[in-house]
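S.K.: Please find one structure pasted underneath; my questions will follow.
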Amino acid sequence: MANSSGFVSYFGTELRRHRERLGWQREQLADSVPWSVWTVASVEQGRRKPPPGFGEHADALFNLPGVMTELAKKAQDDSTAFRDLVELEERVVAISEYDMRLVSGLLQTRSYARALHEVPGNGLSPEEIGHSVERRMKRQEIFSRQPPPTFHVVIDEAVLCRRIGDATVMREQLTTLAAPRPNLTLQVLPFSAGAHDAVGGPLLLLRLPDEPDVAYADGWAQGQLIDTPTEVLRAQRSFEQLAALALPPDLSAEMIRAYAEEA
């Protein structure tokens with residue numbers, strides 16, 4: 001990830017300084033906190049903001065009451081989980097995503113993305129809507145890389161039913177979604193699949209070169225980047241369950257085309 005500015009880098013510098021003051025290797029610090037060596041290294045190098053709770057653990061280990069906690073709060077304000085996600089996507093080699101609400105932002109047409117941002121009551125000006133749509137389109141440029149990342153998407157059947165914009169917008173989005181494209185595996189989770197482990201919300205998994213996998217859970221107010229090994233493993237297993245319950249790609253495409261015809 002590209003280096004963050006300000007307090008993110010400063011927190012990393014201070015973390016490394018206090019670790020070295022104790023004569024610890026990164027592995028020793030990782031053994032004392034609920035995060036991996038990779039996370040410790042990423043935070044020290046300013047490539048990642050400190051996860052929630054990291055500052056409190058650092059204060060307890062280094063006997064610095066409140067110092068690292070306060071610095072971590074400022075580092076948190078210096079970035080957002082979604083910004084971290086976008087930066088990670090620039091280096092990703094494989095993405096797995098599940099959503100029960102909307103078409104993935106990485107697969108949205110421009111008109112579908114605009115219709116989402118034009119929902120009454122969101123308070124966005126036409127200029128802000130334009131900027132938001134352009135940012136969403138720019139995210140999709142990762143598939144223009146050579147080689148592009150692989151993308152495995154499972155979408156809920158509800159996404160196909162939910163009208164975003166007018167019939168023309170929806171028909172274009174569904175037709176585009178059903179069209180085959182390199183490196184994309186698309187499955188639909190039908191209503192008949194019933195309950196599953198990911199009913200609580202959208203889920204995205206990132207595979208990075210020479211680094212542990214990372215997960216991102218989307219939420220109402222803000223998303224959360226997850227890199228704790230046990231939580232990432234749980235997210236991976238949830239996605240595997242979804243893929244097993246979902247329709248195979250050919251039947252998924254047929255379902256999407258059928259909804260497009262009815263839009």
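S.K.: Which net charge results for the neighbourhood of GLY53, defined as the other residues with beta-carbon distances under 15 angstrom from its beta-carbon, given Lys and Arg at +1 and Asp and Glu at -1?
M.R.: -2
S.K.: Shifting gears a bit: Going by alpha carbons, how many degrees (0 to 90, nearest 10) lie between the helix axis of 249-262 and the longest principal axis of the chain?
M.R.: Helix 249-262 and the main axis of the chain meet at about 60 degrees.
S.K.: Let me ask something additional. If the cut-off is a Cα-Cα distance under 15 Å, which aspartates and glutamates reach LYS73, setting aside same-chain residues fewer than 8 apart in sequence?
M.R.: GLU14, GLU56, ASP59
S.K.: Now a separate question. Once you've got the GNM for the chain with C-alpha springs shorter than 10 Å, pick whichever of LEU61, LEU208, LEU242 has the biggest mean-square fluctuation.
M.R.: LEU61
S.K.: Give the order of GLU127, GLU20 when sorted by the count of other beta carbons within 10 angstrom, beginning with the fewest.
M.R.: Working: GLU127 8, GLU20 12.
Fewest-to-most Cβ neighbours within 10 Å comes out as GLU127, GLU20.
S.K.: Using alpha carbon centroids, what distance separates segment 157-197 and segment 28-90, in Å?
M.R.: 37
S.K.: Quickly estimate the mean residue ellipticity at 222 nm for the chain, helices only: each DSSP H run with n ≥ 4 gives -39500 (n - 2.57), and the total goes over all residues, rounded to 500.
M.R.: Numbers: 12 runs with 128 residues, N = 263.
Calculated mean residue ellipticity at 222 nm is -14500 deg cm²/dmol.
S.K.: Taking amide H positions as placed 1.01 Å from N in the peptide plane, with prolines and chain starts having none, which residues 5 or more places from HIS152, or on another chain, fall under 5 Å of its amide H?
M.R.: Correct list: ILE95, SER96, GLU97, THR185.
S.K.: Give, as ranges by residue number, the residues of segment 14-50 whose backbone N falls under 15 Å from the point 7 Å along Cα→Cβ of ARG234.
M.R.: 34-35
S.K.: Let me ask something additional. For a quick check, take a GNM of the chain with Cα springs below 10 Å and name the residue from VAL153, VAL169, VAL214 with the largest mean-square fluctuation.
M.R.: VAL169
S.K.: Roughly how tilted is helix 126-139, in degrees to the nearest 10 and between 0 and 90, from the longest Cα axis of the chain?
M.R.: Helix 126-139 sits at roughly 80 degrees to that axis.
S.K.: Here's another thing I want to ask about it. Can you pull out the chymotrypsin sites (Phe, Trp or Tyr not before Pro) in segment 116-192 that DSSP calls coil and that have at most 12 other Cβ atoms within 10 Å?
M.R.: Details: sites: PHE143, PHE151, PHE191; in loops: none.
Nothing satisfies the criteria.
S.K.: Under 24 Å from the Cα of LYS138, which lysines turn up, not counting those fewer than eight places away in the same chain?
M.R.: Reachable lysines: LYS49.
S.K.: On a 0 to 90 degree scale, rounded to 10, what angle separates helix 67-77 from the longest Cα axis of the chain?
M.R.: Here the helix axis deviates by roughly 20 degrees.
No lab work stands behind these numbers, since they all come straight from the coordinates. None of these values were measured; they are calculated from a predicted model. For neighbour counting, all protein chains shown are included, and Cβ atoms are generated from backbone atoms with ideal geometry for every residue, glycine included.
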